[in-house]
Amino acid sequence: QVQLVESGGGWVQSGGSLRLSCAVSGGDFSGSAMDWYRQTPARQREWVALSTKTGTALYSDAVEGRFTISRDNAKNILYLQMDSLKPEDTATYFCKIFQNMRDYWGQGTQVTVTS
């Protein structure tokens, strides 16, 4: 059973930083690309960043230059370092892995950025 658990969300003022973590169990973490997504009640789930299995990173235009995705294959943990946060970054953040011909998602962690 593949399980993903996000943590690290919270409240932060505009311009501040947070680091999210996604702990993965039961899957082939080191052999898989992983993504971060975010969602608000008003918007569809939005792709944020991708880490390939070798650590190559891709970002959405909205977060490029401010967020950094990374992974620790020894610990099976995916990270998202979020700097220069803006109120529009407020959302629930989810990590995702594709395994066994399907997507697995965590339960999400809430990030709230106040102006």
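Please report Rg over Rh for the chain, where both radii come from the alpha carbon positions and Rh follows the Kirkwood definition. Kindly include the intermediate steps, with their values, before the conclusion.
On the way: Rg = 13.3 Å, Rh = 14.0 Å.
The Rg/Rh ratio comes out at 0.95.
On full extension of the chain, what length is gained from Asp103 through Arg45, given 0.36 nm per residue of separation minus the C-alpha to C-alpha distance? Mind dumping the intermediate values first?
Details: separation 58, 0.36 × 58 = 20.88 nm, distance 1.40 nm.
Extra length from Asp103 to Arg45 when fully extended: 19.5 nm.
Starting from 0.36 nm per residue, how many nanometres of slack lie between Ala33 and Thr112 once their C-alpha separation is accounted for? Let's see the in-between values first.
On the way: separation 79, 0.36 × 79 = 28.44 nm, distance 2.67 nm.
Length gained between Ala33 and Thr112: 25.8 nm.
Roughly how many Å² is the accessible area per residue of the chain, as a whole number, for a 1.4 Å probe?
Values: 5940 Å² over 115 residues.
It amounts to 52 Å² per residue over the chain.
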Assign unit charges at the C-beta atoms only (+1 for Lys and Arg, -1 for Asp and Glu), then state the dipole size of the chain relative to its Cα centre in Debye, rounded to the nearest 20. 140 debye
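The values are calculated or read from the model by the stated rules, or taken from the named source; none is laboratory data. For clarity, every value in this text was computed on a predicted model and none was experimentally measured. As a convention, Cβ positions derive from the backbone with ideal geometry for all residues, glycine included, and neighbour counts pool all protein chains shown. Each accessible area value is taken on the protein alone, full model and side chains, heavy atoms only, with ligands, DNA and RNA left out. Shrake-Rupley method; radii C 1.70, N 1.55, O 1.52, S 1.80 Å.
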